[in-house]
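Reviewing the structure listed below.
Each reported figure results from applying straightforward, stated rules to the coordinates on display, with no laboratory input. Computed from a predicted structure; not experimentally measured. Every residue, glycine among them, receives a Cβ derived from its backbone with ideal geometry; neighbour counts consider all protein chains shown.
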Ligand SMILES: Cc1ncc(COP(=O)(O)O)c(C=O)c1O
């Protein structure tokens, strides 16, 4: 079987319109980083920005920085900047809390908007926190129905009892992507609200929340958006739902937080989805990376993402197709920005790859997962990564006992 040569990949890198962004990231020598779908790489500018926030805004500005350095406005300011990446007009996104907590707020807000309906739908295959939070948010009040790639399908369980549907647009294991516009329309036609988890979409694929008429959405900033480990999440609430009630009625969501009244009165608009004091140092990491994202066209990201994943898939099939099964869809329309390979073990080969400088990750029970981040991954990286993978699989070096020990984080 023929496959592209390394020189052809170098030629693609030379004509890549996004190639210059690579220098904006710190990437260790000898590492090919294919795990930006888990933790994005460090932008070069982040350290200096954090240094500034720590030494100047905190060190010198002290408490005054809540006003003078824009700390108080950070959740809305950063929310609007993320909004431009996910098709959300201003005033509908805030950066706050974790994705898990935002799922809880989004779900309970949605359920409150559909009184009298007693069913929620989730996805059995999704990242489990979505299911755990759904359980917590609906225990004793709503029946849960779970769809799956193996069935039942959404159409099988959607009826006039359903209040809300929570789905992750890009599946964390397989990289399969839902058609956001079609699914949103299907859910709304049944009178339910549609909540999207964009953990593997934001900064990975073009998203048009307003255009699709989505109701609510949540997502991470530490993956493709490079905000840093544990960077705050975001929540989107369509303007038509901005009077919805969310149950975590903390003082940053109050209409007048500094009036210090004993009663809770929710702020107008998206601010009511805030809860407590924002962790400003984490916001600073995200603010630094968004300066890069402000300059990026998501259409360029998508074009290169598909080219990189196509290249990876074709090299894998040609060189190690008998050792692994590509579980990520080949159809562009339903593929996110990762490729997952099923292998009889999965864990040990990934450890062997990591030791050789190719960093992906493992998702139980048997998937080797590779994320493709067009800002800092190039075509020759893909070629080199598959070369190392070929060596690891064909020599069976992964069977050596040191690769079998499971670490806490896989
Ligand atoms: C679909 C999805 N939702 C949520 C999360 C994480 O949520 P949190 O940031 O609260 O840990 C992940 C993490 O990978 C995820 O894949």
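In summary, the convex hull built on the alpha carbon positions of region 72-293 has an orientation-averaged projected area of 11.5 nm².
Over region 56-123, the hull volume per residue, using the convex hull of the C-alpha atoms, is 141 Å³. Orientation-averaged projection of the chain equals 21.2 nm² [convex hull of Cα atoms, one quarter of hull surface area]. Largest GNM mean-square fluctuation among 51, 60, 169, using the chain with Cα springs under 10 Å: 60. Using only alpha carbons, region 145-248 has a radius of gyration to Kirkwood radius ratio (Rg to Rh) of 0.97.
Once you reduce region 216-289 and region 163-201 to the center of their Cα atoms, the two points are 22 Å from each other.
Among DSSP beta bridges whose residues both lie in region 72-293, state the antiparallel percentage, nearest 5.
35
Its Kirkwood hydrodynamic radius, worked out from the mean inverse distance over all distinct Cα pairs, puts region 277-342 at 14.4 Å. Rounded to the nearest 500, the 222 nm mean residue ellipticity of the chain from helices alone is -10500 deg cm²/dmol, with -39,500 (n - 2.57) taken per DSSP H run of at least 4 residues. Calculated on the alpha-carbon coordinates, the convex hull of region 1-150 measures out at 223 cubic angstrom per residue.
Compared with the rule-of-thumb size 2.2 N^0.38 Å for a compact globular protein, region 319-402 has a Cα radius of gyration ratio of 1.06.
What's the ranking of 103-111, 222-230 by average number of surrounding C-beta atoms within 10 Å, highest first? Mind showing how you got there, number by number?
Values: 103-111: 25.3, 222-230: 23.8.
Going from most to least packed, we get 103-111, 222-230.
Of all alpha-carbon pairs in region 237-346, indicate the percentage at a distance above 20 angstrom. Tail of P(r) above 20 Å: 66 percent of Cα pairs. When the chain is treated as a Gaussian network with alpha carbon springs shorter than 10 Å, the biggest mean-square fluctuation among 245, 129, 99 belongs to 129. Going from the fewest other Cβ atoms within 10 Å to the most, the residues 403, 347 appear in the order 403, 347. A Gaussian network model of the chain, with springs between Cα atoms under 10 Å, assigns the largest mean-square fluctuation among 338, 186, 246 to 186.
Looking at the chain, the DSSP beta bridges with both ends there are about 55 percent antiparallel.
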